[in-house]
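K.L.:
Structure provided below as structure tokens; questions to follow.
None of the figures in this text is laboratory data; all of them are computed from the coordinates on show. Note that the coordinates shown come from a computational prediction; the quantities given were computed from them, not determined experimentally. Quick reminder, even Gly has a Cβ in these numbers, built from the backbone with ideal geometry, and neighbours come from all protein chains shown.
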């Protein structure tokens with residue numbers, strides 16, 4: 001059962017990293033070619049989103065090549081979550097440009113502060129019982145490390161706040177814009193709304209769903225999110 005869990009968990013994590021990096025590079029290339037600013041932002045953001053699964057992907061490759069896990073486990077958390085703040089900041093940069101450009105500086109300043117607070121927790125308090133709780137395999141290499149957030153620690157509150165920003169502002173803000181628009185513009189805002197709502201929820205579920213058949217399905221939605229954001233932003 002552990003082998004199956006390793007393949008499902010690690011294989012799906014590696015799939016998210018590779019898929020999002022490739023999709024992100026393509027979108028970044030299109031943005032540079034078309035001189036489309038928001039498309040360039042989206043390319044970088046999608047790459048960073050994929051990197052959120054670098055921890056389990058790296059642990060998977062470590063088990064395959066060395067039969068051992070990442071040590072110490074704090075490296076696993078660092079590999080996965082160092083990308084959170086820049087990914088969310090770019091997401092909000094796109095959202096403010098599209099929805100309320102006149103309030104962009106204020107909103108981005110708030111998100112930046114929350115991102116710094118989260119990064120402080122990650123960098124200075126990554127140990128078990130602080131920002132994270134670690135579930136280590138019974139023996140080295142027997143399974144992939146599993147992490148969950150300590151919901152009573154300040155960095156988890158900062159993360160919850162910035163994810164809520166994306167869902168409410170970018171997601172439901174795009175819903176409002178879609179209702180106010182018609183034709184192709186309405187379709188584009190609909191794609192953006194679905195993408196910006198699905199991604200934070202999928203990322204949250206990824207930390208809650210135990211390794212098994214459902215986990216790759218949850219992670220597939222992250223790749224779908226990348227495609228939806230591209231469809232919403234391409235000229």
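K.L.:
List the equivalent ellipsoid semi-axes of segment 1-118 in whole Å, largest first, each obtained as the square root of 5λ for an eigenvalue λ of the Cα gyration tensor.
P.N.:
Ellipsoid semi-axes (Å, largest first): 32, 18, 9.
K.L.:
Counting other beta carbons within 10 Å of each residue's own, what order do 75, 94 fall into, fewest first?
P.N.:
Neighbour counts put them in this order, fewest first: 75, 94.
K.L.:
Going by how many other beta carbons lie within 10 Å of each one, how would you line up 186, 219, fewest first?
P.N.:
Lowest count first: 186, 219.
K.L.:
I would also like to ask the following. Using only DSSP helix segments of four residues or longer, with each worth -39500 (n - 2.57), what per-residue ellipticity at 222 nm results for the chain after dividing by its residue count and rounding to 500?
P.N.:
After summing the helix terms and dividing by the residues of the chain, the value is -25000 deg cm²/dmol.
K.L.:
Going by the alpha-carbon gyration tensor, a ≥ b ≥ c the square roots of its eigenvalues, is the chain rounded (a/c under 1.5) or, if a/c is not under 1.5, prolate (a/b greater than b/c) versus oblate?
P.N.:
Prolate, since a/c reaches 1.5 and a/b exceeds b/c.
K.L.:
Would you mind classifying segment 146-235 by shape? Square roots of the alpha carbon gyration tensor eigenvalues, ordered a ≥ b ≥ c; an a/c under 1.5 is rounded, otherwise it is prolate if a/b is larger than b/c and oblate if not.
P.N.:
Judged from the Cα gyration tensor, segment 146-235 comes out oblate (a/c at least 1.5, b/c at or above a/b).
K.L.:
Okay, next question. Starting with the fewest neighbours, write out 231, 79 ranked by other beta-carbon atoms found within 10 Å of each beta-carbon.
P.N.:
By the 10 Å Cβ count, ascending: 231, 79.
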